[in-house]
1. In degrees between 0 and 90, to the nearest 10, how far off the longest principal axis of the chain does helix 55-69 point, with axes built from Cα atoms?
2. Only counting other Cβ atoms within 10 Å, I'd like 74, 135, 170 sorted with the fewest neighbours first.
3. What ranking of 80, 1 emerges when the number of other C-beta atoms within 10 Å of each C-beta is taken as an exposure proxy, fewest first?
4. For 146, 180, which order do you get if you count the other beta carbons within 10 Å of each Cβ and list the fewest first?
5. How do the peptides 7-18, 61-72 rank, highest first, by the average count of neighbouring beta carbon atoms within 10 Å per residue?
6. On a 0 to 90° scale, report how tilted helix 34-45 is relative to the longest principal axis of the chain, with both axes built from alpha carbons and the result rounded to the nearest 10.
7. Cα centroids of the range 1-45 and the range 52-112: how far apart, whole angstrom?
8. Can you give me the angle between helix 140-163 and the longest principal axis of the chain, using Cα atoms only, in degrees from 0 to 90, rounded to the nearest 10?
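Read-outs throughout are calculated quantities, based only on the coordinates presented, and are distinct from any laboratory measurement. Small disclaimer: the values here were computed from a predicted structure and weren't measured. FYI the Cβ positions are ideal-geometry reconstructions off the backbone, even for glycines, and counts take in every protein chain you see.
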């Protein structure tokens, strides 16, 4: 159960009601601090819609963060969003093997993106080798956008865990299809 109430549009003054146009649990919790919620949403919208980074690569990185953090909310939401961005169920399952150091059939760039997410999540920064490989493959702007996405979603999983945000019933099926390790 969340540590803060899940607000409805009717709980907010008119100037903040639009933040609940997408009334997911995270937005409803963040409505308790509407200006923070709007600022967070602004950065999330840039990452999802303004960046030139391939959405499939972005979602692989976010799924890796959610997997490492054992964040049911983040993982469930991004299994769905990842599929919409072209991530296959086999690629989602490969995250487990990549994390464990087992061989997968993922392409080299996808493996490097997952490694970058692991390095930033577990070690707080990408290695020089990983950064250089990504910059060569993606270019400077996209490697910065990928770095921003990984850093942002590391913040999000910490927010979700601290506020104890519940996974909505309609997202539970994604956890059943792709369970997180215990």
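1. Helix 55-69 sits roughly 80 degrees off the main axis of the chain.
2. On the way: 74 26, 135 15, 170 10.
By the 10 Å Cβ count, ascending, the order reads 170, 135, 74.
3. On the way: 80 14, 1 5.
By the 10 Å Cβ count, ascending: 1, 80.
4. Values: 146 28, 180 16.
By the 10 Å Cβ count, ascending: 180, 146.
5. Values: 7-18: 12.7, 61-72: 23.2.
Output ranking for 7-18, 61-72: 61-72, 7-18.
6. With rounding to tens, the tilt is 30 degrees.
7. Distance between centres, Cα-based: 27 Å.
8. For 140-163 against the chain, the angle is about 50 degrees.
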